[in-house]
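The values are calculated or read from the model by the stated rules, or taken from the named source; none is laboratory data. Predicted, not measured: the structure shown is a model, and the values here were computed from it. No Cβ is skipped: glycine too gets one built from the backbone with ideal geometry, and neighbour counts run over all protein chains shown. Side chains included, ligands, DNA and RNA excluded: accessible areas come from the protein's heavy atoms. Shrake-Rupley method; radii C 1.70, N 1.55, O 1.52, S 1.80 Å.
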Amino acid sequence: MKKHIYIYSPSSAVRDKASFKRGVKRLQTLGYEVEVDADALASHQRFAGDDATRLAAIHRAAASGADVALVSRGGYGLSRILPGINYKAVAKSIGKGTHFVGLSDFTAFQMAVLAKTGAVTWAGPALGCDFGTAAAPDDIMEACFDDLITGQGEGTGWKLPKHAITLIADGASATGAAGQFNIKNAVLWGGNLAMLSSLVGTPYLPVVPGGILFLEDIGEHPYRVERMLTQLLHAGVLAQQKAVIFGQFTGFKAVPHDKGFKLPTVVAWLQSQIKARVLTGLPFGHVATKVLLPVGRQITLAVEGRDAFLLWGHP
């Protein structure tokens, strides 16, 4: 039986119809049964339909019985409709086997679901920007998506940047040598940094003591990244974590005023502020090569030299 993918639009309106159609066709070519929500291409102001339309789309996705509920794109729009989501219905859908997948603005949905129900969602691709590209989709992203939908995924790994080893040594307050350590049975959570910081002080940001927080963003200058991290720091969120992992931060321009202030500057500053391990280089974010990550699931973080692994195995 073909695996069933449900495409819906809970955030911004789909403007690039060509990439949407390419994405649907590519998923079909890969052998999946693709069902497109009735309002997936709706448009109201900058949104994929008004608030009621997008809420209904989320609830149809939850009722679809699909193996994967995949967002068409990110953008903006989920924050304003979080109070209207039927979280029990979403959690019930997840319990029956539907994997909710997305990134960027979708982080708001994922955090709210985790805070309200504890259910696991997946940080991963969106239809248009990942499967609907003019060139062939990224092989690693595609393989990770296939692992998810076939139930084969047990973890992911990446090579830490060389400068990260110094950071790890500086932050080696946890058990184990600087270049080798394990953090077991910690909840993986996070996603888009702007969305996370915007949820501080709301009932939609989960409390995750002893967690592993991963972060990514696009179009945010390093000083703005630091400002958002400072908000999480002052709110007490970062002090509760066992590790903070930086994914990809892209789409910004350095300016002469920076005088050497770069993203590694921010990372080093953060490590000086918290006891948690701070790692970088995770292949996730607004980039072609992205792994899929189980948001809200207990995992193991293992580091040996420059090799880092997030391991979750089978439930």
- Counting only protein heavy atoms and using a 1.4 Å probe, what share of the accessible area of the chain belongs to carbon plus sulfur, as a whole percent? 53
- Paramagnetic reach from residue 52 (point 7 Å along Cα→Cβ, amide N under 18 Å) across region 76-117: 80-86
- Note on the structure: Rounded to whole Å², per residue accessible area for region 1-101 with a 1.4 Å probe reads 46
- Item | residue 298 paired with residue 139, simple spin-label distance in nm, labels 7 Å along Cα-to-beta-carbon | 3.6
- Task: Calculate the translational D of region 192-269 in whole µm² s⁻¹ from Stokes-Einstein, where the hydrodynamic radius comes from the Kirkwood formula applied to all Cα pairs, the temperature is 25 °C and the viscosity 0.890 mPa s.
- Result: 186
- Task: Measure nothing fancy, just the Cα-based angle from helix 139-150's long axis to the longest principal axis of the chain, in degrees from 0 to 90, nearest 10.
- Result: 70
- Task: Any lysines with Cα under 26 Å of the residue 162 Cα? List them, leaving off those in the same chain fewer than 8 positions away.
- Result: 184, 242, 253, 259, 262, 275, 290
- Calculate the dipole size of region 153-307 relative to its Cα centre from +1 charges on Lys and Arg beta carbons and -1 charges on Asp and Glu beta carbons; express the result in debye to the nearest 20. 120
- Ranked highest first by the average count of other Cβ atoms within 10 Å around their residues, in what order do 26-33, 2-9, 281-288, 254-261 fall? 2-9, 281-288, 26-33, 254-261
- Query: What is the spin-label model distance, in nm, from residue 45 to residue 227 if the labels are put 7 Å beyond Cα along the C-beta direction?
  - Reply: 2.3
- Query: Label 7 Å along Cα→Cβ of residue 38; region 62-101 residues with amide nitrogen under 19 Å?
  - Reply: 62-66, 70, 72, 86
- Message: Residue by residue through region 204-211, what is 3J(HN,Hα) from phi via Karplus (6.51 cos²θ - 1.76 cosθ + 1.60, θ = phi - 60°)? Round to whole Hz and write x for glycine and proline.
- Response: 9, 9, x, 9, 10, x, x, x
- Magnitude of the Cβ-charge dipole of the chain, K/R +1 and D/E -1, about the Cα centre, nearest 20 debye? 320
- Grab the Cα-Cα distance for residue 159 and residue 60, subtract it from 0.36 nm times how many residues apart they are, and report the gain in nm with one decimal. 31.7 nm
- Message: Here are a few candidate values for volume of the Cα convex hull per residue in Å³: [x] 167; [y] 143; [z] 130. Which one was actually calculated from the structure I just gave you?
- Response: [z]
- For region 229-308, fraction of C-alpha pairs farther apart than 16 Å, in %: 63
- Message: Angle check, please: helix 263-273 long axis (alpha carbons) against the longest principal axis of the chain (alpha carbons), in degrees 0 to 90, nearest 10.
- Response: 60
- Query: When the Karplus curve 6.51 cos²θ - 1.76 cosθ + 1.60 is applied with θ = phi - 60°, which whole-Hz ³J(HN,Hα) does each residue of region 110-117 get, with x for Gly and Pro?
  - Reply: 4, 5, 5, 4, 5, 5, 8, 10
